[in-house]
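Structure first, commentary second.
The values are calculated or read from the model by the stated rules, or taken from the named source; none is laboratory data. Note that the structure is a prediction, hence the values are computed from the model and not measured. Don't worry about glycine lacking a Cβ; one is built from the backbone with ideal geometry, like all the others, and counts go over all protein chains shown.
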């Protein structure tokens, strides 16, 4: 520790005003404060009392809340890998190992590219490096398939940080969720690598077991002509993975999908951490689920196609709804800021998700597009809520 | 009233500036940068998004618009003192559509394949805001010479952005330039970026061009 401190003190004068690396002061400062507590105190005048929760701690809380999803996701990557090859006797550590070698590189690429761009812009614009990317960098790997080419992760991350965030002014100024921008970019730029049957990592030359199909629950359900529940329950029996898409399996997350989103249980666990620490809004999380469930019930009554007759509670455990509700929709920057608005915002996300799932054959999953759409509408919702409040108070006022 | 206008014209004639005076040269150069129809005035964006998936149609479209803007600017400017201001828009439309139909027929006759790719967008030049805007803002109040220059300048400004956008869209979306497979020729396998081929991709490219242009010109948002 002392050695590090000495090194930093030794080079610090280069970065101060007039030093030869003056331009890179903020890059230096970010490293220094990452290693040591800064020795700055508040000014003599002004606010003296500060909350201990700053942006770094806020972001770390979200990252910790994502750990259950990440660890489970890594195991599940291996689990699906062996399942697809009919190797049912693979051990826990073997599965975790497969997951680790597939997922860790994605995380590394996402962080290196994203933080690199953050440092670049901070240096160019002469402002401190923000911690905003800590969460985004972890969210991006969790919404990718395990088999995604790494160069695509790099391009998507760069696109999301530059176009989604820096173009609007940096951390806290973005209109749409940065991690979802990365995913949407890949979805439209290289659809063959992030949609269809790409969710299970197989490896070079690996043979799938006879009768195997890589279809996801959502594509099975949307493609079914009779009862979607019966189709889901019978899926996998052709290759010995009976009940792969049963309700409980989908709830616990033993299904193929993006790395971190398969397990509804783990997402709820993360959600609980966010709610207890006060970082995420329970109103948004609850109303997304409620909106999806309500829309599911409504479609049950209308019953226009076999997919919409699927019981409403199935929608809550399929696809990325839970992950999106807990980690994406609650993003404090892009969500609505008014408390009343959060109910509308969340409910509309849930409703749009189920609507897109049921009626748009091109997009079997709707949560990504639903959240991006509502991100754009969030300021409008806030506007109406604020105006309604003004009206209410004006009525009370005696002028 | 009439004597006043006559007097004004006399004053103008006295100056008798050459066609390529400093002021008139600006009519060509301004639309290329600080007064660009697409990136600064944000006009004609619809066609800029629609025809820029490949460079060939973008080039032909830019050419067509330049011809239409320059020639209708010239004609309107010749007629400007005889057009009653109440019906000026419909007169302008008639003249613009004359040129558009001529260009459309020419394209159909000589570059049929590209004409098919451009589809309605040549016809839609009639309603293109750049053409109408230049007629209203410039040709109605200036002499034919400068008006033609102004039309050419705006056509070039439009065409420049079209070609820049089309260059990036075709190169990174389809891996080619003017239909020539660049990456294949270099022996690199290139996976085309589908987003750039969508109109949304064009919107992003135009946005980046505006971003670069503004930071080079030191643009600041005024509050």
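Is there a residue being in a loop (DSSP other than H, G, I, E, B) and surrounded by fewer than 22 Cβ atoms within 10 Å (Cβ to Cβ) anywhere in region A:311-328?
The answer is yes, given that some residue of region A:311-328 is in a loop (DSSP other than H, G, I, E, B) and surrounded by fewer than 22 Cβ atoms within 10 Å (Cβ to Cβ).
Is it the case, given these coordinates, that residue A:172 is in contact (Cβ under 8 Å) with a residue 40 or more places away in the chain and at positive phi?
yes
So which of B:134, B:169 ends up being in contact with a helix residue (DSSP H, G or I) (Cβ under 6 Å, 6 or more places away or on another chain), within 14 Å of chain A (Cβ to nearest Cβ) and closer than 21 Å to residue B:66 by Cβ?
Unique residue meeting the criteria: B:169.
Which residues, counting only those in region A:163-192, are within 14 Å of chain B (Cβ to nearest Cβ) and more than 23 Å from residue B:210 (Cβ to Cβ)?
A:183, A:186, A:187, A:190, A:191, A:192 - these are the residues of region A:163-192 that are within 14 Å of chain B (Cβ to nearest Cβ) and more than 23 Å from residue B:210 (Cβ to Cβ).
Looking at (1) under 29 Å from residue A:250 (Cα atoms); (2) within 13 Å of another protein chain (Cβ to nearest Cβ); (3) modelled with pLDDT of 85 or more, which is the only condition residue A:195 fails?
In the conditions (1) under 29 Å from residue A:250 (Cα atoms); (2) within 13 Å of another protein chain (Cβ to nearest Cβ); (3) modelled with pLDDT of 85 or more, residue A:195 misses (3) alone.
With respect to residue A:160, determine if the residue is more than 16 Å from the chain's Cα centre (by Cα), within 14 Å of chain B (Cβ to nearest Cβ) and over 23 Å from residue A:34 (Cα atoms).
No.
Is there a residue in region A:148-169 that is in the same structural domain as residue A:64 (by TED's automatic domain parsing), closer than 18 Å to residue A:101 by Cα and assigned to a loop (DSSP other than H, G, I, E, B)?
Yes, there is a match, as at least one residue in region A:148-169 is in the same structural domain as residue A:64 (by TED's automatic domain parsing), closer than 18 Å to residue A:101 by Cα and assigned to a loop (DSSP other than H, G, I, E, B).
Quick one: which helices (runs of 4 or more DSSP H) sit completely within region A:1-90 and have at least 1 residues that are in the same structural domain as residue A:171 (by TED's automatic domain parsing)?
A:55-84
For region A:225-244, what are the residues that are surrounded by 15 or more Cβ atoms within 10 Å (Cβ to Cβ), modelled with pLDDT under 80 and either at negative phi or assigned to a helix (DSSP H, G or I) (or both)?
A:239, A:241
With the checklist (1) on the phi < 0 side of the Ramachandran plot; (2) free of Cβ contacts under 8 Å to residues at least 60 places away in the same chain; (3) more than 11 Å from chain A (Cβ to nearest Cβ) in hand, flag the one item residue B:213 doesn't pass.
(2)
Go through region A:195-224 and count every residue that is over 26 Å from the mean Cα position of the chain (by Cα) and crowded, with 19+ Cβ neighbours inside 10 Å.
Residues flagged as over 26 Å from the mean Cα position of the chain (by Cα) and crowded, with 19+ Cβ neighbours inside 10 Å within region A:195-224 amount to 2.
Scanning for something over 30 Å from residue A:236 (Cβ atoms) and surrounded by fewer than 17 Cβ atoms within 10 Å (Cβ to Cβ), does region A:85-101 turn up at least one residue?
no
Take the residues of region B:187-202 that are at pLDDT 85 or above and loosely packed, with under 14 Cβ neighbours inside 10 Å: which is nearest to the other protein chains (Cβ to nearest Cβ)?
Among those residues, the one meeting the criterion is B:200.
If residue B:117 satisfies all but one of (1) closer than 19 Å to residue B:30 by Cβ; (2) at pLDDT below 90, what's the number of the condition it fails?
Just one mismatch for residue B:117, condition (1).
Only one of (1) at negative phi; (2) more than 13 Å from the chain's Cα centre (by Cα); (3) away from every other protein chain (no Cβ under 14 Å) is not met by residue B:153, so which one is it?
(2)
Inspect all residues belonging to region A:207-217 and state whether any of them is more than 14 Å from chain B (Cβ to nearest Cβ) and part of a helix (DSSP H, G or I).
Looking through region A:207-217, at least one residue is more than 14 Å from chain B (Cβ to nearest Cβ) and part of a helix (DSSP H, G or I).
Within the group B:34, B:76, which residue is touching a residue at least 40 places away in the same chain (Cβ under 8 Å) and assigned to a helix (DSSP H, G or I)?
B:76
Only one of (1) in contact with a helix residue (DSSP H, G or I) (Cβ under 6 Å, 6 or more places away or on another chain); (2) closer than 16 Å to residue A:84 by Cβ fails for residue A:236. Which number is that?
(1)
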